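Here the structure comes first, spelled out in structure tokens, and everything after it is commentary.
Just so you know, all these numbers are worked out from the coordinates, no wet-lab data involved. Model, not experiment: these values are computed from the prediction. Here Cβ is always computed from backbone atoms with ideal geometry, including for glycine, and neighbour counts include all displayed protein chains.
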């Protein structure tokens, strides 16, 4: 390789680096510009996933920038009755507008089949993205891993089991913040 080829490679590398840094700076500045309206501190929504079913709701409290606390409650399918409660802590990259997030949480499940009740605990961690609009509406999509300890409810010749393994996790939410 001649001296001109090495210089050309260096120039190409510098141009690519400048483009990447410039792109990141423009994305960062779009999210860090001050807005006249503070970020909402409270929200509610419809939530499915986290290993506990498709009928659920969540409450969001965001006391400080980039940090929120959520509690999800869900109905468990396959039992006479069953529910789960999932408290979690969420860190968001940007306080205003749409943002990637990291969520870590615990879960408690309880299920009844006939006259037998079983309960258990677990945990989950998700990476995701939440699209937020100025109207307060938001859509959340995340994935990660979860664990629910093995619980089985038995009544007569019927039984139902939840958990007992580490599993891929998906969460989807439709929420409103105010």
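For region 105-152 versus region 37-104, the inter-centroid distance based on Cα atoms is 9 Å. Summarising the label geometry, the points placed 7 Å from Cα in the beta-carbon direction at residue 129 and residue 106 lie 3.2 nm from one another.
Sort the following peptides by mean Cβ neighbour count (other Cβ atoms within 10 Å, averaged over residues), highest first: 81-94, 62-75.
The peptides rank, most packed first, as 81-94, 62-75.
Shown here is the pair-distance distribution of region 121-169: with all Cα-Cα distances grouped in 10 Å bins from zero up to the longest one, the shares run 22, 29, 25, 17, 6, 1 percent.
With the simple model of a label 7 Å out from the Cα in the direction of the Cβ, residue 71 to residue 46 spans 2.2 nm. Site pair residue 117 and residue 37 shows an inter-label distance of 4.3 nm when each label is modelled 7 Å from Cα along Cα→Cβ.
Is the shape of region 42-177 best called rounded, prolate or oblate, per the rule: a/c under 1.5 gives rounded, else a/b larger than b/c gives prolate, else oblate, with a ≥ b ≥ c the square roots of the Cα gyration tensor eigenvalues? Note, shape of region 42-177 comes out prolate. Put simply, when 167-173, 131-137 are sorted by average Cβ atoms within 10 angstrom per residue, most first, you get 167-173, 131-137. Taking a point 7 Å from the Cα of residue 141 along the Cα-to-Cβ direction, the residues of region 164-178 with backbone N closer than 15 Å to it are 170-175.
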